[in-house]
Amino acid sequence: MKLSTSTRKKFRISNKLKKVAKSNRFRLSIFRSSKNISAQIIDDSKKVTLLSASSIEKDIKDTKTKNKSELSKVVAEKLAKKAQEKNISKIYFDRGIYKYHGRIKIFAETLRKNGLEF
């Protein structure tokens with residue numbers, strides 16, 4: 001079966017991160033659609049999702065955000081707050097098929113400002 005270009009790119013980036021992953025760090029995976037953004041912190045050794053945050057959650061959806069960039073900031077702040085409650089401070093940033101630009105870059109910078117290291 002032949003894989004699409006985007007699928008190959010996603011696997012290539014994720015596998016590079018998994019090879020250098022250490023046991024004291026978790027992977028932050030991002031998904032971005034045309035209207036929403038979601039992220040999850042994953043423990044690859046146990047193959048379990050520890051935390052997640054999304055723009056389609058009810059409390060985030062109720063906030064009056066003007067544009068998608070502000071929505072990315074809100075989701076990142078919520079994820080960082082959840083991570084601090086579970087004492088997670090070091091992660092690997094898995095951007096998937098997306099370039100480190102625009103909403104993905106805003107998301108990452110907001111996480112850094114709120115105490116996550118990657």
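The values are calculated or read from the model by the stated rules, or taken from the named source; none is laboratory data. From a predicted model like this one, the values you see are computed outputs, not experimental measurements. Heads up, the Cβs are rebuilt from the backbone with ideal geometry, glycines too, and the neighbour counts pull from every protein chain shown.
Overview of results
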quantity: Of all residues in the range 22-47 being buried (at least 16 other Cβ atoms within 10 Å of the Cβ) and hydrophobic (A, V, I, L, M, F, W, C), the one that is farthest from Ile60 (Cα to Cα); calculated: Phe26
quantity: Hits in the range 26-57 (condition: basic (Lys, Arg), at pLDDT 90 or above and not in a loop (DSSP other than H, G, I, E, B)); calculated: Arg32
quantity: Residues satisfying the stated conditions in the range 1-30, i.e. touching a residue at least 40 places away in the same chain (Cβ under 8 Å) and of a type in the set (Lys, Arg); calculated: Lys9, Lys10, Arg25, Arg27
quantity: Filter result for Lys64 (crowded, with 17+ Cβ neighbours inside 10 Å and at pLDDT below 90); calculated: no
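Matching residues to (1) within 13 Å of the chain's Cα centre (by Cα); (2) closer than 17 Å to Phe118 by Cα; (3) free of Cβ contacts under 8 Å to residues at least 12 places away in the same chain:
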site: Arg32; (1), (2), (3): yes, no, no
site: Ile37; (1), (2), (3): yes, no, no
site: Thr49; (1), (2), (3): yes, no, yes
site: Asp62; (1), (2), (3): no, no, yes
site: Lys66; (1), (2), (3): no, no, yes
site: Ala80; (1), (2), (3): yes, yes, no
site: Ser89; (1), (2), (3): no, yes, no
site: Lys105; (1), (2), (3): yes, yes, yes
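Residue-wise test of (1) crowded, with 20+ Cβ neighbours inside 10 Å; (2) over 25 Å from Asn15 (Cα atoms); (3) aliphatic (A, V, I, L, M).
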| position | (1), (2), (3) |
| --- | --- |
| Ser69 | no, yes, no |
| Lys81 | no, yes, no |
| Gln84 | no, yes, no |
| Tyr92 | yes, no, no |
| Lys99 | no, no, no |
| Phe107 | yes, no, no |
| Leu111 | yes, no, yes |
| Phe118 | no, no, no |
